[in-house]
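Comments concern the structure below.
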Amino acid sequence: MSGSETILLTGGEGRLGTELRALAPEIVAPLEAAMDITDPAAVAATFAEVGPSLVVHAAAYTDVAGAETDRARCWRINVDGTRNIVREALARDLAMVHISTDYVFWGDTGGYKEDDPVGPVRNYYSLTKLVAEALVRVLDRHLVIRTSFRPREWPYPVAFTDVFTSQDYVDVIAPQIALAIRRWREVPFKTLHIATERKSVYDLARRRRGDVEPGSKRGAAVEFPDDISLDTSRWQDLKTQWDAPT
Ligand SMILES: NC(=O)c1ccc[n+]([C@@H]2O[C@H](COP(=O)([O-])OP(=O)(O)OC[C@H]3O[C@@H](n4cnc5c(N)ncnc54)[C@H](OP(=O)(O)O)[C@@H]3O)[C@@H](O)[C@H]2O)c1
């Protein structure tokens with residue numbers, strides 16, 4: 001992303017990672033087969049080989065429903081895996097950008113700012129992501145990006161009108177995360193919310209699927225928040241500063 005920077009990306013084959021690699025083809029993104037983040041030796045060997053100056057950690061166990069029944073696996077990847085990355089970053093005095101989630105908040109009031117109290121969390125996936133954030137914060141130079149995104153197309157015939165969010169489609173969010181990664185040295189914060197404006201999930205769905213039907217979270221099998229939207233003014237202000245003529 002910048003001439004002298006070697007960036008190592010975990011989760012490069014995931015939804016977000018695929019977009020980031022397309023936006024920044026020079027990024028080094030080992031396959032999971034080459035670097036299973038739950039294997040400390042594989043992590044150490046890859047870091048030694050690549051010699052990054054920055055690690056971007058986007059690998060995770062992201063199946064929120066699956067995490068409830070496969071808690072051990074979710075913890076192993078999201079917590080132990082993050083610990084392995086952090087230990088290597090510590091040993092090598094690296095900077096780290098960590099991809100986190102709006103789900104570290106409870107999701108009743110919405111408009112969450114970076115320094116608002118986190119938790120309680122609604123599910124096991126969110127718990128592991130919250131613990132992962134705490135692990136990353138041991139590093140002097142770290143940036144936790146809390147975000148939320150959908151695949152490029154809305155996949156369901158129905159979308160909730162009574163759940164509010166600041167998430168957006170991955171092709172909208174990824175360029176913004178790529179920008180924050182590219183300019184991470186100019187980010188004077190340890191936590192950044194990258195998302196778009198507050199809207200209902202139904203309004204978001206309609207942007208990419210005109211025939212989507214309005215629905216309600218009442219009666220859904222899993223618990224959804226009322227309003228999990230993030231306040232993104234810190235990020236918007238930073239971009240305005242960067243855009244201002246010098
Ligand atoms: N999707 C969302 O709405 C959302 C919202 C907020 C935050 N996030 C966060 O954003 C990040 C990216 O999410 P995403 O939606 O792009 O996830 P994703 O599509 O599920 O991709 C996750 C990636 O992590 C890899 N991975 C899993 N276990 C691994 C292991 N042991 N070693 C190495 N790699 C492993 C996966 O590889 P395999 O597929 O080969 O297992 C996959 O490439 C995650 O940290 C997630 O928590 C996502």
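The values are calculated or read from the model by the stated rules, or taken from the named source; none is laboratory data. Since the structure is predicted, the reported quantities are computational estimates derived from the model, not experimental observations. When we count neighbours, we look across all protein chains shown, and the Cβ atoms used for this are built from the backbone with ideal geometry, even at glycine. We work out accessible area using only protein heavy atoms, side chains counted, and drop any ligands, DNA or RNA first. Shrake-Rupley method; radii C 1.70, N 1.55, O 1.52, S 1.80 Å.
Considering only G219, L204, L179, the residue lying farthest towards the positive end of the dipole of the range 136-221 is L179, judged by Cα position with unit charges set on Cβ. Between 0 and 90 degrees, the angle of helix 124-136 with respect to the longest Cα principal axis of the chain falls at about 30 degrees.
The distance between label points at L90 and S216 comes to 5.0 nm (points 7 Å beyond Cα on the Cα→Cβ vector). The orientation-averaged projected area of the convex hull spanned by the Cα atoms of the range 114-246 comes to 9.4 nm². In angstrom, the C-alpha Rg and Dmax of the range 1-48 are 11.1, 30.
Expressed to the nearest 5 percent, the antiparallel share of DSSP beta bridges inside the chain is 5 percent.
Only helical runs count toward this figure. For the chain, summing -39,500 (n - 2.57) over DSSP H runs of n ≥ 4 and dividing by all residues gives -10000 deg cm²/dmol at 222 nm.
Please list, by residue number, everything in the range 177-194 whose backbone N is under 17 Å from a paramagnetic label point 7 Å out along Cα→Cβ of K113. Backbone N within reach: 188-194. In terms of Cα atoms, the Rg and Dmax of the range 35-160 work out to 15.6, 48 Å.
Site pair E186 and Q241 shows an inter-label distance of 1.0 nm when each label is modelled 7 Å from Cα along Cα→Cβ. Each Lys and Arg adds +1 at its Cβ and each Asp and Glu adds -1 at its Cβ; summed about the Cα centre, the range 1-154 shows a dipole of about 180 debye.
Sorted on the mean count of surrounding Cβ atoms within 10 Å across their residues, most packed first, peptides 27-39, 225-237 read 225-237, 27-39.
Starting from the Kirkwood Rh over alpha-carbon pairs, what translational D in µm² s⁻¹ does the chain have by Stokes-Einstein at 25 °C and 0.890 mPa s?
132
Ligands, DNA and RNA excluded, the heavy atoms of E114 present near 10 Å² of accessible surface to a 1.4 Å solvent probe.
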